[in-house]
Amino acid sequence: MKKALQNLAIIVALCGISGVGLQKSQAKTLEFKPLTLEVQPKDHYVIRGYKGSVRVQGVSKAKSITVSMRQTQPVTKLPDLREINEDQWLFSVQRNGSAIEILVRSPQIKSSWGKVLHSKIYPQYDLVVQGPPRMLRMALMDGTLQLEDWSAPAELYLHNGRIRVNNQSGDLRVGIQEGDADLKKIKGSIEIDSFNAHVSLKNTEGPSVINNFSGKTDMNSHDGSLEIEGYQGLWVINGVKGRAQFDVEKSTVKFNGLEGELRGKSGQGAVIATLKGESEVRVTTKEGNVSLNLANSSANINLATNEGQIYVPSHITVQRGSTRSARGRLKGDTPGKIYVRSEAGSIRVR
């Protein structure tokens, strides 16, 4: 899980110009007039915040970026903390070379930041960003990140909260500690690192690598290779066309309608797969059970387990001894190769 820890460090480091066009709309809430900045073809965006929400929407024909912001001050009876939250948090939009930076900066005075951390009371910044798609990197500690209609690479990092991406083309990298990530209509390579989040993907295309340590992962309709890694949790993978590979310990992994090669290893977690078309499977487990359903398959099977059971069609003989094993060919029309080994798990092929 080294990548997940690295991404957590990135989130903490990133979430660390001065406010213009300020309007006081109501008590404890500050509305900022929209800010506009011209965008060049080679520019990229950097957005960093702490608590709140960021919504980024691509406008393909736009030549400038527009930023709207609302700041909500928390209610506190502590005068010094109220002063810190009102005076020492900074919001800025600025150009730094080819980078357009949209930043929320926390108090830079050590004693002030210590009081904020101790109280866990922070102002909330809600941003809406609209402009031409360019390379984007945004990070938030607590809240919501949302990306829509984006035709450029993007990186999103969040410690706790929600990530929403809809209709994005270009490489996508997501790091989330806890919460949930919902990704739809993504075309390009995908890399996700999570500790304990609910990750959901739908209608994705391109090579994907997902690392979810203890959360739940759902995938529906994916075209491209897939690599998954986790310790415990649940993986439900539906409608994948391409090579699938997994490396889990206690996680249960379910593949439904997989069209392609399946390879992987599991410790205690069960592996359940329904495969379509020509199948090539190579799976090993320690204690996890393996169940494979191959419709109309004539695959050659090679199965063995030291302490578990083997269940196969009646025309295939199970050899019983210190190690149970089964070899033979299924009675179907579609070729394939099935290789499964387990130390203590049971194996079922039908």
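Of note:
Every residue, every condition in (1) over 27 Å from G332 (Cβ atoms); (2) not polar (S, T, N, Q), yes or no:
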residue: P207; (1), (2): yes, yes
residue: F213; (1), (2): yes, yes
residue: K216; (1), (2): yes, yes
residue: D223; (1), (2): no, yes
residue: G230; (1), (2): yes, yes
residue: F246; (1), (2): no, yes
residue: N256; (1), (2): no, no
residue: Q268; (1), (2): yes, no
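- Across segment 180-211, the number of residues qualifying as of a type in the set (G, A, S) and surrounded by fewer than 23 Cβ atoms within 10 Å (Cβ to Cβ) comes to 4.
- Each residue in segment 166-193 was checked for being in a strand (DSSP E or B) and over 10 Å from the mean Cα position of the chain (by Cα), and 10 pass.
- Complete set of residues in segment 212-234 that are surrounded by fewer than 17 Cβ atoms within 10 Å (Cβ to Cβ) and within 11 Å of the chain's Cα centre (by Cα): D218
- When each of G264, G345 is tested for being among the small types (G, A, S), touching an Asp or Glu at 6+ places or on another chain (Cβ under 8 Å) and not in a loop (DSSP other than H, G, I, E, B), the lone residue that passes is G264.
- As a summary of the residue check, K250 satisfies the conditions (1) surrounded by fewer than 22 Cβ atoms within 10 Å (Cβ to Cβ); (2) within 15 Å of the chain's Cα centre (by Cα) except for the one numbered (2).
- N211 being in a strand (DSSP E or B), outside the structural domain of R55 (by TED's automatic domain parsing) and more than 30 Å from Q40 (Cα to Cα): yes
- Selection status of R162, over 19 Å from W89 (Cβ atoms), of a type in the set (D, E, K, R) and more than 18 Å from the chain's Cα centre (by Cα): no
- Within segment 277-289, the set of residues being modelled with pLDDT under 95 and either within 27 Å of the chain's Cα centre (by Cα) or buried (at least 17 other Cβ atoms within 10 Å of the Cβ) (or both) comprises S279 only.
- Single residue of segment 296-319 satisfying the filter (more than 39 Å from the chain's Cα centre (by Cα) and assigned to a strand (DSSP E or B)) that is surrounded by the fewest Cβ atoms within 10 Å (Cβ to Cβ): Q319
- Meets criteria (crowded, with 17+ Cβ neighbours inside 10 Å, at pLDDT 95 or above and within 18 Å of R48 (Cα to Cα)) for Q177: yes
- Which numbered condition S322 misses (of (1) within 22 Å of G215 (Cα to Cα); (2) in a loop (DSSP other than H, G, I, E, B)): (1)
- Inside segment 195-207, residues that are within 10 Å of the chain's Cα centre (by Cα) and under 19 Å from A244 (Cα atoms) make up a count of 3.
- Qualifying positions in segment 19-42 - at pLDDT 50 or above and not aliphatic (A, V, I, L, M): K28, T29, E31, F32, K33, P34, T36, E38, Q40, P41, K42
- Identity of the residue in segment 272-292, among the β-branched types (V, I, T) and touching a Phe, Trp or Tyr at 6+ places or on another chain (Cβ under 8 Å), that ends up nearest to E343 (Cα to Cα): V283
The values are calculated or read from the model by the stated rules, or taken from the named source; none is laboratory data. Remember, predicted model here, so these are calculated numbers, not experimental data. Glycine also receives a Cβ, built like all others from the backbone with ideal geometry; neighbour counts cover every protein chain displayed.
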